[in-house]
Amino acid sequence: MDILSAVRWSPYLAGIGIGILSWLTFLISQKPLACSTTFARSSGMIEKAIWGNKVAEKPYYKEIKLGIDWQFMLVIGIILGSLLSALLSGDFQWQWVPSLWAGTYGSAVLPRLIAAVIGGIFLGFGSRWADGCTSGHGISGTMQLAVSSWISAICFFIGGIITAQIIF
Amino acid sequence: MSKANNKKKNQLIWGLVFGIIFGFLLQKGGVTNYDVIVGQLLLTDHTVLIIMLSAVLTGMIGLHIFKAFGLVKLSPKSGSVGKNIIGGLIFGVGFALLGYCPGTIAGAIGNGYLDALTGGLIGIMIGAGFFAALYPRLKHGVLKLGYFGDLTLPRLFKVSDWVVVIPVAILIVLLLLWL
């Protein structure tokens, strides 16, 4: 089918698809599309594997409960779904340095990796502080008209736009 | 195996299925790509906002219809000024530096982007672990500052859902037409 092998869909179509998908996650699983807690759980599970069971007693890990849950499977699914889409369209590629980054900072791998680690630390820390990310707050929370999510989503973009203007 | 266990296992499979569809849509929409996400933050490419706004518009109308018929129970997150404003701004800094968010980084990994798989993933886990370590100190302080609970816009304005859903839907359509 042509539509499956297309490299890009209209962003409106992709967005409407994600909207309908969130009806289904609520109807079938009573859960919103959300991702970021999974990274905190993974971090906790790695800590636990290294330092032992007492890690699971940390107040934050007790609250979010370490283990493989619905959202963990969702995140694994995202990797597989994206891989499938990219393979079907031929858009899959191994790439270390994105072209927009290379245009300003050059194509050396190390600087890009350092920025990715630092950015990841801010992102992981901020998503736990705000209790959600672009999907949990930005899409699922705003559609439920949650005040916490509208504030968070607006702040994600304020912080992101200012930072992007500074680094590029 | 007990019925409860079976149900739990079924939900894990549903999670995987929904994830595959989500990842597929993110990749087809182009937002597993660093250039597209940073392009949005540089305000040169509005793909990210178009996808998010179309999803919110579709999702919001559907969910509130289902809610009116008692088919779904919504779960708005509780929040506070200290939590959502400070956390949101910190997140934004990371969003621009990394060029992916927690959902799209999973999609970027599937797309073959190695900066996501290595540096980005390691960074997110360090950041989340760091937060877990600091949590006992933040919990009753800054995270509670200006606490408002699981408030929704209709409850804030003391109106029925549709009094908010309809104007928000119109605003989103206008924004989409303008982008």
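So, in the range B:117-171, exactly how many residues are among the hydroxyl-bearing types (Ser, Thr, Tyr) and more than 7 Å from every other protein chain (Cβ to nearest Cβ)? Selection size over the range B:117-171: 2.
On inspection, B:Leu174 does not qualify as surrounded by 14 or more Cβ atoms within 10 Å (Cβ to Cβ) and either more than 7 Å from chain A (Cβ to nearest Cβ) or at pLDDT 95 or above (or both). Of the residues B:Ile86, B:Ile105, which is at pLDDT 95 or above and either surrounded by fewer than 24 Cβ atoms within 10 Å (Cβ to Cβ) or within 28 Å of B:Leu156 (Cα to Cα) (or both)? Answer to the check: B:Ile86.
Considering B:Gly15, B:Gly112, B:Gly29, the condition of being open to solvent by less than 60 Å² (accessible area, probe 1.4 Å), in contact (Cβ under 8 Å) with a residue 12 or more places away in the chain and either touching a Pro at 6+ places or on another chain (Cβ under 9 Å) or within 27 Å of A:Ile121 (Cα to Cα) (or both) is satisfied by B:Gly29 alone. Filtering the range A:99-144 to residues that are among the hydroxyl-bearing types (Ser, Thr, Tyr), within 7 Å of another protein chain (Cβ to nearest Cβ) and over 23 Å from B:Tyr113 (Cα atoms) leaves only A:Thr142.
Scanning the range A:143-168 for residues that are open to solvent by 10 Å² or more (accessible area, probe 1.4 Å) and more than 24 Å from B:Tyr147 (Cβ to Cβ) turns up A:Ile161, A:Ile162, A:Thr163, A:Gln165, A:Ile166, A:Ile167, A:Phe168.
Number of residues in the range A:13-28 that are aromatic (Phe, Trp, Tyr) and open to solvent by less than 60 Å² (accessible area, probe 1.4 Å) equals 1. When the residues of the range B:146-171 are filtered to those that are more than 22 Å from the chain's Cα centre (by Cα) and without any contact (Cβ under 8 Å) to a residue 12 or more places away in the chain, the one that is surrounded by the most Cβ atoms within 10 Å (Cβ to Cβ) is B:Val163. Set side by side, the residues A:Phe92, A:Phe125, A:Phe72 differ, and just one is closer than 30 Å to A:Ser152 by Cα, among the aromatic types (Phe, Trp, Tyr) and out of contact with any Ser or Thr (no Cβ under 8 Å at 6 or more places or on another chain), which is A:Phe125. The residue list A:Gly81, A:Gly52 contains one member that is free of Cβ contacts under 8 Å to residues at least 24 places away in the same chain and within 21 Å of the chain's Cα centre (by Cα), which is A:Gly81. With respect to being farther than 27 Å from A:Ser99 by Cβ and either open to solvent by less than 30 Å² (accessible area, probe 1.4 Å) or in contact (Cβ under 8 Å) with a residue 60 or more places away in the chain (or both), B:Leu63 fits the description. Within the range A:3-12, one or more residues are closer than 30 Å to B:Asp35 by Cβ, open to solvent by less than 40 Å² (accessible area, probe 1.4 Å) and either in contact with a helix residue (DSSP H, G or I) (Cβ under 9 Å, 6 or more places away or on another chain) or within 7 Å of chain B (Cβ to nearest Cβ) (or both).
Give the residues of the range A:146-168 that are closer than 12 Å to B:Phe91 by Cβ and of a type in the set (Gly, Ala, Ser), sorted by residue number. Matches in the range A:146-168: A:Ser152, A:Ala153, A:Gly159, A:Gly160. Inspect all residues belonging to the range B:130-144 and state whether any of them is under 25 Å from A:Ile161 (Cα atoms) and open to solvent by less than 10 Å² (accessible area, probe 1.4 Å). Scanning the range B:130-144 turns up at least one residue that is under 25 Å from A:Ile161 (Cα atoms) and open to solvent by less than 10 Å² (accessible area, probe 1.4 Å). Among the residues of the range B:48-86, those identified as more than 7 Å from chain A (Cβ to nearest Cβ) and outside any helix (DSSP H, G or I) are B:Phe69, B:Gly70, B:Ser80.
The values are calculated or read from the model by the stated rules, or taken from the named source; none is laboratory data. Values in this document were obtained by computation on a predicted structure and should not be read as measured data. Cβ atoms come from the backbone with ideal geometry, glycine included; neighbour counts cover every protein chain shown. Accessible surface areas use protein heavy atoms only, side chains included; no ligands, DNA or RNA. Shrake-Rupley method; radii C 1.70, N 1.55, O 1.52, S 1.80 Å.
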